[in-house]
């Protein structure tokens with residue numbers, strides 16, 4: 001059974017792996033913050049892009065982020081490094097190789 005702990009933030013819960021997520025959704029706080037870093041989205045744009053989240057949930061997640069910035073930033077860095085390692089291990093895709101051979105990409 002999954003252990004879920006509440007926080008002092010109305011819409012933020014902590015799962016059994018100590019990962020904060022938005023109550024009533026499966027979205028992790030780190031995923032919401034990544035959208036801000038990647039696209040520069042405002043809270044209003046986040047709501048437009050993720051209409052299943054209320055503005056209250058979004059602001060609660062952002063408040064949680066700013067109170068726990070160092071650990072969430074470290075989590076984002078670990079996720080980036082993991083994805084980059086997988087990308088390098090996978091190598092070039094067969095499609096990219098073919099397009100490069102045909103001179104369609106550099």
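Being in a loop (DSSP other than H, G, I, E, B), touching a helix residue (DSSP H, G or I) at 6+ places or on another chain (Cβ under 9 Å), surrounded by 10 or more Cβ atoms within 10 Å (Cβ to Cβ) and touching a residue at least 24 places away in the same chain (Cβ under 8 Å) is a property that does not hold for residue 62. Scanning segment 1-30 for residues that are part of a loop (DSSP other than H, G, I, E, B) and closer than 19 Å to residue 69 by Cβ yields 7, 8, 9, 11, 18, 19, 27.
Select from segment 16-46 the residues that are closer than 13 Å to residue 75 by Cβ and over 13 Å from the mean Cα position of the chain (by Cα) and list them in ascending order. Scanning segment 16-46 gives 17, 18. Taken together, the residues in segment 65-106 that are closer than 19 Å to residue 17 by Cβ, modelled with pLDDT under 95 and outside any helix (DSSP H, G or I) amount to 0.
Residues that are closer than 15 Å to residue 57 by Cβ and free of Cβ contacts under 8 Å to residues at least 40 places away in the same chain were ranked within segment 25-40; the one that is surrounded by the fewest Cβ atoms within 10 Å (Cβ to Cβ) is 26.
The values are calculated or read from the model by the stated rules, or taken from the named source; none is laboratory data. For clarity, every value in this text was computed on a predicted model and none was experimentally measured. Glycine also receives a Cβ, built like all others from the backbone with ideal geometry; neighbour counts cover every protein chain displayed.
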